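Asks: Here it is, the structure in full.
The values are calculated or read from the model by the stated rules, or taken from the named source; none is laboratory data. All figures in this text were calculated on a predicted structure; none of them were measured in a lab. Cβ placement follows ideal geometry from the backbone for every residue including glycine, while neighbour counts extend to all protein chains displayed. What goes into the accessible areas is simple: the full protein's heavy atoms, side chains included, and nothing from ligands, DNA or RNA. Shrake-Rupley method; radii C 1.70, N 1.55, O 1.52, S 1.80 Å.
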Amino acid sequence: CLTGCHLVLVPAGMPRKPGQTRDDLFKINADIAKGIVEACAKYCPDAVLGMIVNPVNSVVPAMAELYKKKGLDPLKIVGISTLDVVRANKFVGEETGKNATF
């Protein structure tokens, strides 16, 4: 189903659990993302991959490095960080009692 795709959105990974470190989260989510990125490298190597995964600032560079090692363009791997912004707005809204969408 990936063959010939030009854009692949990858909403992969688990949410962070209480007490879990970002390193723990990275290990889990990077492993999940790696399987998808490897499949894209095989079936749609020219596609842009939009990674919606936490921690985005760690997983995206790791996946770009994986693409680079395969001889593919690492700039095809991009992070979509709106998820963090939405979560932060929700948290601030809950703490302040204000509308999170301002």
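Asks: Quick check on this structure: which one of 100, 39 is farther than 14 Å from residue 12 by Cα and either open to solvent by 40 Å² or more (accessible area, probe 1.4 Å) or of a type in the set (A, V, I, L, M) (or both)?
Replies: Just a single option satisfies the conditions, and that option is 100.
Asks: So how many residues does region 4-21 have that are open to solvent by less than 90 Å² (accessible area, probe 1.4 Å) and without any contact (Cβ under 8 Å) to a residue 12 or more places away in the chain?
Replies: 3
Asks: Identify, please: which residue in region 1-45 is hydroxyl-bearing (Ser, Thr, Tyr) and in a loop (DSSP other than H, G, I, E, B) and is, among those, farthest from residue 78 (Cα to Cα)?
Replies: For region 1-45, the residue satisfying everything is 21.
Asks: Can you pull out every residue in region 50-59 that is in a strand (DSSP E or B) and either out of contact with any helix residue (DSSP H, G or I) (no Cβ under 9 Å at 6 or more places or on another chain) or farther than 12 Å from residue 11 by Cα (or both)?
Replies: Of everything in region 50-59, just one residue is in a strand (DSSP E or B) and either out of contact with any helix residue (DSSP H, G or I) (no Cβ under 9 Å at 6 or more places or on another chain) or farther than 12 Å from residue 11 by Cα (or both), namely 50.
Asks: For the structure I just gave you, tell me whether residue 24 is open to solvent by 70 Å² or more (accessible area, probe 1.4 Å) and either acidic (Asp, Glu) or under 14 Å from the mean Cα position of the chain (by Cα) (or both).
Replies: no
Asks: Based on this model, can you work out whether residue 67 counts as in contact (Cβ under 8 Å) with a residue 24 or more places away in the chain, open to solvent by 70 Å² or more (accessible area, probe 1.4 Å), within 17 Å of residue 2 (Cβ to Cβ) and hydroxyl-bearing (Ser, Thr, Tyr)?
Replies: no
Asks: Only one of (1) of a type outside the set (Phe, Trp, Tyr); (2) open to solvent by 70 Å² or more (accessible area, probe 1.4 Å); (3) not in a helix (DSSP H, G or I) fails for residue 72. Which number is that?
Replies: (2)
Asks: Can you tell which of 62, 88, 47 is under 13 Å from residue 9 (Cα atoms) and open to solvent by less than 60 Å² (accessible area, probe 1.4 Å)?
Replies: 47
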